[in-house]
Amino acid sequence: MDVRNVADCYGNSFIRHPGDYELQFTGRKGTETDLSAYPTLAELQLNNTFWSSFTAPHDGLFMFSGITENCIMDILIFSAQKKEGEESSSSYANICENIEVGTAVIERILKVKGNQRFGLNKSPNEQFLYGLRMTEGMEVYLLFNASISQRIKVRLNVEYEVDYSDIDVESLKSVTDMRRSNKHSELRIQLRDKSTGLPIKGKLLIDNSKRINGLYSGSDFIFSIQEREHLKLSIDVIGYFFQDQEVFIEAGINKELTLWLEPAEIGKKMELSGIQFKTGSSELLKGAEIKLVRLRDFLLLNSSIHIEIEGHVFEFGESTFAGRRMSVARANTVLKYLVDSGVSRSRLSAKGYGNEFMIYPEPKFDWQEQANRRVEIRILKE
């Protein structure tokens, strides 16, 4: 196709990974896709459509949740088994052709009301159906059909629960065992992919310890606990958001910690906790530089990632021009630090949202107000 049109099956938008997505409808139906080959869908009138597709990375359960604007929406899920030896592009075209002649399988039909959550999960109700079991390489096509002909947006969170029965999880592990004897209690730390639950290999930096300070590599770590300590952990894995943790350990008590790392994929966000500003100012509070250094290192480690720096403020009522300007100034403060620290300016953009997305719209405590004054990053492209 010369022009991709998400209102048509052939122009569908690819859901490449589990995560958060925002569907932008065109305000009209497609020109190519026709459901007349399905007698059971005779009463379904296509009006404002959005097509997307998802391919299973492993055997597992496909689930999602979304919320519409104030309209009724029909959601249909079609499937066709990928043929052995056939390229994905060929399989993708055939599914659309099969829909047109009525041979594609209708896996789910869901009619939802506006301003209510909908989707597939493990607890079906009026707005949710049970998730779809998929095998590795299987594709599904999702048709969203809105009742109003406007350029509405739908927020979608996609989940995929992997079936581990056919995956050799142990082969994915890289164990770093720093114990010198079996006499002491143990600290076990595991690095896991938040989307799949599978082991991932990365770097673990331990600080504030008398015995085990250092930089370690692996997916699973084992240390001896010989005294009471408050450890500071820094975790870095290529392709994932960095993570910092603190853990208290005590001799005689075993401790196990699983750290779930979020893949740094397009559209994903990360809040930069620890980067705070003086009230009514874009001046950073003391201690913010520690987190900024971590962000800089993340960008240098993942040199192909481009991000948007998003500033947010706290203020009551509707977002004001002054509030939005302040949020832009705070985002630009972070941007300037990164550029001065050696990150290419072409990989960065800054945007202010005022108080449009406050975490606590009606805060009761100072820490909730401070949480609204925050900076987040969003992955724009890789």
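Rolling a 1.4 angstrom probe over the chain with all protein chains present gives an accessible area of which 48% lies on carbon and sulfur atoms. Placing a pseudo-label 7 Å from each Cα along the Cα-to-Cβ vector at residue 149 and residue 13 gives an inter-label distance of 2.1 nm. Taking 4.7 Å between beta carbons as the limit, the unpaired Cys residues of the chain are 71. In the context of the full set of protein chains, residues of the stretch 150-233 present 57 Å² of accessible surface per residue (probe radius 1.4 Å, heavy atoms only). For the stretch 241-381, the relative contact order is 33 percent, taking Cα pairs closer than 8 Å that sit 6 or more residues apart in sequence and dividing their mean separation by the residue count. Across the stretch 139-181, the fraction of Cα-Cα pairs farther apart than 15 Å, rounded to a whole number, is 73%.
Against the empirical curve 2.2 N^0.38 Å, the C-alpha radius of gyration of the chain lands at a ratio of 1.15. Here residue 164 and residue 238 are evaluated by their C-beta separation; at R0 = 25 Å the FRET efficiency comes out at 0.60. Return the subset of 173/194; 291/336; 173/203; 268/336; 203/268; 351/381 for which the Cα-Cα distance in this structure is over 18 Å, preserving the input order. Long pairs (Cα-Cα over 18 Å): 268/336; 203/268. Need one word for the stretch 105-206: rounded, prolate or oblate. Basis is the Cα gyration tensor (sqrt eigenvalues a ≥ b ≥ c); a/c below 1.5 gives rounded, then a/b vs b/c decides. It is prolate, given that a/c is not under 1.5 and a/b is the larger ratio. Using only Cα atoms, locate the centre of the stretch 341-382 and the centre of the stretch 1-77, then give the distance between them in Å, rounded to an integer. Cα centres, the stretch 341-382 to the stretch 1-77: 31 Å. For the pair the stretch 102-165 / the stretch 223-270, the C-alpha centres are spaced 34 Å from each other. Of the listed residues 183, 111, 203, the order by accessible area with a 1.4 Å probe, largest first, is 183, 111, 203.
Taking a point 7 Å from the Cα of residue 339 along the Cα-to-Cβ direction, the residues of the stretch 275-316 with backbone N closer than 14 Å to it are 309.
Dividing the mean sequence gap of close Cα pairs (under 8 Å, 6+ apart) by how many residues the chain holds gives a relative contact order of 14 percent. Rounded, prolate or oblate: pick one for the stretch 245-302, where a ≥ b ≥ c are the square roots of the eigenvalues of its C-alpha gyration tensor, a/c under 1.5 means rounded, and failing that, prolate if a/b is larger than b/c, else oblate. Oblate, since a/c reaches 1.5 and b/c is not below a/b.
The values are calculated or read from the model by the stated rules, or taken from the named source; none is laboratory data. Small disclaimer: the values here were computed from a predicted structure and weren't measured. Cβ: placed from backbone, ideal geometry, glycine included. Neighbour counts: every protein chain shown. Note: areas computed on protein heavy atoms with side chains; ligands, DNA, RNA excluded. Shrake-Rupley method; radii C 1.70, N 1.55, O 1.52, S 1.80 Å.
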